[in-house]
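To start, the structure itself, in C-alpha cells.
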C-alpha cells in the first residue's frame with residue numbers, strides 16, 4: 001500500500017501493483033495466460049484488433065491465444081467482411097472487426113492526418129486536403145479496389161509537383177477511410193495492398209463524429225483498452241491508440257474505474273471487475289508474432305519486456321515469452337522453428353520452449369513437421 005495526501009492533507013491508501021502483478025494481468029487480458037475457447041471474431045474484438053502490417057502475423061497471434069485455432073476461420077472472416085485490415089491505431093495497419101472500425105474511424109481521423117503530415121510536412125505543404133480527399137473518393141467511386149500507386153496516378157495531374165509516396169499515404173492512411181481487401185491478409189496468400197472505400201466494402205458509411213464536443217467513442221476506447229490491456233496509465237493508452245490520452249473520456253469515466261500505482265508511482269486505471277491474477281500464477285510459454293500489441297500496447301513495456309530488449313518490439317522481431325516475459329526471439333528457417341534465447345534458460349524452460357515450438361511448427365506446416373531448434377543465448 002502507498003499512502004497519498006491530497007492538497008488539503010487528507011490521506012488515502014493506494015495499492016501498488018508490482019511488475020509481476022502487472023505481467024499476470026496483461027497475460028490474462030491478452031488471452032496469453034490460458035488459451036481462450038471463443039470465436040475468432042470475438043477474440044479480435046476483445047483485443048481491440050491486432051496489429052497486422054505483416055499480413056501473416058495475426059494468425060500466429062491468434063494461434064497463441066485460442067484453443068484449436070483454425071486459420072481458415074480468420075480468412076473466412078476477411079472474405080466475409082466481418083473483419084477488416086485498415087490503418088487505425090498509431091497509423092499502423094490493424095485487423096479489426098467491421099463494427100469497431102466503422103465506429104472508431106472518425107475518432108482517429110485527426111490523428112491519422114497529423115501523423116502523415118508530421119512525416120511529410122514539406123512535401124505536403126499547400127495541399128488542399130479536402131480537395132484531395134474528394135478527388136480520391138471520386139476515383140474509388142466505381143468500386144474497383146486500387147493500389148496506392150494507381151490512386152495517385154489517377155489524381156496526379158492536379159498535384160503534379162507532390163511526390164507520389166506522400167500523396168498516396170495521405171490518401172489511403174488518412175483522408176479516405178479504406179479497407180485493404182483480400183487476398184491481402186488471407187492465410188498463406190500473397191497479394192499486394194489494394195484499397196477499397198470502407199463504406200463500399202462494408203455496406204455503410206463510417207459513423208460520424210459525435211456532435212457538441214461529446215466523446216462517446218473515446219469512453220468506449222478507454223473501457224475496451226482497459227479490458228484488454230489494463231491496469232494501465234493514460235500514457236499507455238496514448239501509446240496504444242496514438243490519440244492524445246483521451247483526457248476528457250478518462251475524466252468522465254473516473255467514477256467507474258479503480259486506481260492503483262506502479263513501482264514508479266504512475267497512476268494506473270482499471271475496470272473494477274477485470275481479472276488481476278495472483279502474481280504467482282504460472283505462465284506458460286507463448287510465441288508472439290512480430291509487432292504484437294501485448295508489447296506495443298504500452299508506453300512502459302517493462303511489465304513484459306526488459307528495457308534492454310525494448311528495441312526488439314519495434315524491430316519486427318518475433319519473441320517467446322517464458323514465465324510471462326520476453327526471453328527469446330524466434331524465426332522460421334527451412335521449415336523449422338529456430339529459437340534464440342536472450343538469456344540462459346533452465347533445462348525445464350528449454351523443454352517447455354521446445355514443446356511449444358514443436359506445436360507452432362506443426363501449425364505452420366499443417367502438421368507436416370514439428371522441427372524446432374533452441375540455440376545458445378544470443
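The values are calculated or read from the model by the stated rules, or taken from the named source; none is laboratory data. In this text the structure is predicted, and so the values were computed from the model without any measurement. With ideal geometry, Cβ positions are generated from the backbone for all residues, glycine too; neighbour counts draw on all protein chains shown.
Before moving on, here are some points about what is shown:
- Scanning the stretch 307-324 for residues that are out of contact with any strand residue (DSSP E or B) (no Cβ under 7 Å at 6 or more places or on another chain) and surrounded by fewer than 21 Cβ atoms within 10 Å (Cβ to Cβ) turns up 307, 308, 310, 311, 314, 315, 316, 323.
- Residues that are in contact (Cβ under 8 Å) with a residue 12 or more places away in the chain number at least 3 in the following strands (runs of 3 or more DSSP E) confined to the stretch 9-101: 83-87, 93-97.
- Restricting attention to the stretch 114-136, the residues that are surrounded by 16 or more Cβ atoms within 10 Å (Cβ to Cβ) and closer than 17 Å to residue 199 by Cα add up to 3.
- The criterion of being assigned to a helix (DSSP H, G or I), over 23 Å from residue 324 (Cα atoms) and in contact (Cβ under 8 Å) with a residue 40 or more places away in the chain holds for residue 109.
- Note on the stretch 235-245: residues that are under 16 Å from residue 17 (Cβ atoms) and surrounded by fewer than 19 Cβ atoms within 10 Å (Cβ to Cβ) amount to 1.
- Here residue 331 clears all of (1) on the phi < 0 side of the Ramachandran plot; (2) in contact with a strand residue (DSSP E or B) (Cβ under 9 Å, 6 or more places away or on another chain); (3) touching a residue at least 24 places away in the same chain (Cβ under 8 Å) except the condition numbered (3).
- Checking the stretch 125-144 against the condition returns no match, with no residue being under 22 Å from the mean Cα position of the chain (by Cα), assigned by TED's automatic domain parsing to the domain that holds residue 50 and either at pLDDT below 95 or not in a loop (DSSP other than H, G, I, E, B) (or both).
- Scanning the stretch 251-270 for residues that are surrounded by fewer than 17 Cβ atoms within 10 Å (Cβ to Cβ) and either in contact with a helix residue (DSSP H, G or I) (Cβ under 7 Å, 6 or more places away or on another chain) or in the same structural domain as residue 89 (by TED's automatic domain parsing) (or both) turns up 252, 263.
- All of 323, 273 fail the test of being under 25 Å from residue 48 (Cα atoms), at pLDDT 95 or above and in contact with a helix residue (DSSP H, G or I) (Cβ under 8 Å, 6 or more places away or on another chain), apart from 323.
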